[in-house]
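Would you mind keeping the following structure in view while I ask a few things?
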Amino acid sequence: MYSVKIYGGGSIGNHLSNACRKKGWSVHVCDRDPEALIRMKNDIYPSRYGHWDENIKLSLNSEIDMDSYFDIVIIGTPPESHIPIALSELESRNYPKLILLEKPLCTPDLKDAQMLFDAASLKGSTVLCGFNHNLTKNTRDADELIRKYNPGRCKSLHVQWLEHWGGIFKAHPWLDGPSDSYLGYTSLGGGASCEHSHAISIWQHFSLALGMGDIVEVTSINSNIEKNGTKYDEVSQMIVKTSEGLTGTIVQDVITNPATKKATIECENTKIIWEVNREDSVDYLLHNDSEFFYNKTRPEDFEGEVDHIESILSGEFTGDSPISLERGLKVMMVISAAILSDKMGKKVLIDYSSGFNQKSLVN
């Protein structure tokens, strides 16, 4: 049984607490706001999962001894706090074996991103970023089909992640709209480019699975909103190119209803369509003429992530994680490049050899 500390009693903290408890792991949730802990215990958790789990321990951040050991630390707080919390954990005397940061991994300015990468490497801790859709059953099956059959040269890859963010506010009813949190501020990790960066992540995931490399060129046109003090992109449209010459598009927004979350892959010998919630609570995969439907519940969206953590800690999984820190940082590099491209009105190149920072963006 593993011990887990979770920062943040909001929606993601509840989902991952439940997934960890299903494993029988001990869970300790902390938050700086006592009201968040009260909501978790009396409202969010029992309304989602049927009843409160008395085995979950709740504490304020100030009540936690940073030198207390936990096998796993999960950071489900706003994006600007992700790296500072992760660094403080890695600097503690009894640092964890594994840290999971919720997406987006950090803010688009990439502040201290390279520092986190270096610290994780120095300590030998596994650090992951919570792009959980990289681990769902339809993704794993798509990966297996790519490995099993010869898809031929990939000609195009297009991903859409179009979803009105009303669902986010429904899951966080204590928020009164975008201005009430980081969501209404792209610079703080909100807006379409950051909040719906699952699209960038799954694009990169399939590009790597197809042997087409990382995104190295980004041209983006965003629809930017400034209203009631907020400043965010409600639509982010990117044309991207990889190190191996694959071109495609990534479109993310916070305005489309009903939602579309879809990847379309065209190769010489293969066509793949991948979808999240093609129907209510049903994921989807098309491989040439074969269709696959995956019935699932919302909590199950996060169980694959926790299964993956368990396989890493047990030593069963030893490869390149689909949600590795490096992949999460590369998603942030693409986001930063897209924001800069939109601002400058021209293509931006990414030079990963220069590290995870703004200096690696060439325009």
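The values are calculated or read from the model by the stated rules, or taken from the named source; none is laboratory data. The model shown is predicted, which means the values in this text are computed figures rather than measured ones. Counting neighbours? That spans all protein chains shown, and the Cβs are built from the backbone with ideal geometry, glycine included.
Hey, can you tell me all the residues within region 170-185 that are in contact with a helix residue (DSSP H, G or I) (Cβ under 6 Å, 6 or more places away or on another chain), crowded, with 19+ Cβ neighbours inside 10 Å and farther than 16 Å from E102 by Cα?
Selection gives P178, G184.
In contact with a strand residue (DSSP E or B) (Cβ under 7 Å, 6 or more places away or on another chain) and among the hydroxyl-bearing types (S, T, Y): which single residue out of S81, S125 fits that description? Give the steps one after another, and end with the answer.
Numbers: S81 fails: in contact with a strand residue (DSSP E or B) (Cβ under 7 Å, 6 or more places away or on another chain).
Of S81, S125, the one residue that is in contact with a strand residue (DSSP E or B) (Cβ under 7 Å, 6 or more places away or on another chain) and among the hydroxyl-bearing types (S, T, Y) is S125.
Among the residues of region 72-93, count how many are part of a loop (DSSP other than H, G, I, E, B) and touching a helix residue (DSSP H, G or I) at 6+ places or on another chain (Cβ under 8 Å).
3
Could you run through region 1-59 and say how many residues are acidic (D, E) and more than 21 Å from P79 (Cα to Cα)? Full working, then the answer.
Of all residues in region 1-59, those acidic (D, E) come to 31, 33, 35, 43, 53-54.
So of that shortlist, the ones also more than 21 Å from P79 (Cα to Cα) come out as 43, 53-54.
So the answer is 3.
Still on this structure: Of everything in region 323-363, what is assigned to a strand (DSSP E or B) and within 22 Å of the chain's Cα centre (by Cα)? Give them in sequence order.
Passing the criteria: S324, I350, L361.
Next up: Exactly one condition in (1) touching a helix residue (DSSP H, G or I) at 6+ places or on another chain (Cβ under 9 Å); (2) closer than 21 Å to E102 by Cα is not met by G167; state its number.
(1)
Among the helices (runs of 4 or more DSSP H) lying completely within region 94-175, list those that include at least 1 residues that are in the same structural domain as T256 (by TED's automatic domain parsing) and small (G, A, S). Quick ask: steps written out before the conclusion?
Values: elements: 113-123, 137-148, 166-171.
Here the list reads 137-148, 166-171.
Got a number for residues in region 47-85 being out of contact with any His (no Cβ under 9 Å at 6 or more places or on another chain) and surrounded by 14 or more Cβ atoms within 10 Å (Cβ to Cβ)?
The total comes to 17.
Select, from E102, E80, E63, E91, the only residue that is within 22 Å of G24 (Cα to Cα) and among the charged types (D, E, K, R).
Of E102, E80, E63, E91, the one residue that is within 22 Å of G24 (Cα to Cα) and among the charged types (D, E, K, R) is E102.
Confirm whether L58 is more than 17 Å from I99 (Cβ to Cβ) and in a strand (DSSP E or B). It would help to see each step written out before you state the result.
Working: more than 17 Å from I99 (Cβ to Cβ): yes; in a strand (DSSP E or B): yes.
Considered against the rule, which asks whether it is more than 17 Å from I99 (Cβ to Cβ) and in a strand (DSSP E or B), L58 comes out as yes.
Of the residues in region 292-343, how many are among the small types (G, A, S) and either surrounded by 22 or more Cβ atoms within 10 Å (Cβ to Cβ) or under 17 Å from K103 (Cα atoms) (or both)?
8
Residue-wise test of (1) more than 21 Å from M332 (Cα to Cα); (2) under 20 Å from the mean Cα position of the chain (by Cα); (3) small (G, A, S); (4) surrounded by fewer than 17 Cβ atoms within 10 Å (Cβ to Cβ).
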position	(1), (2), (3), (4)
A209	no, yes, yes, no
V218	no, yes, no, no
V235	no, yes, no, no
T247	no, no, no, yes
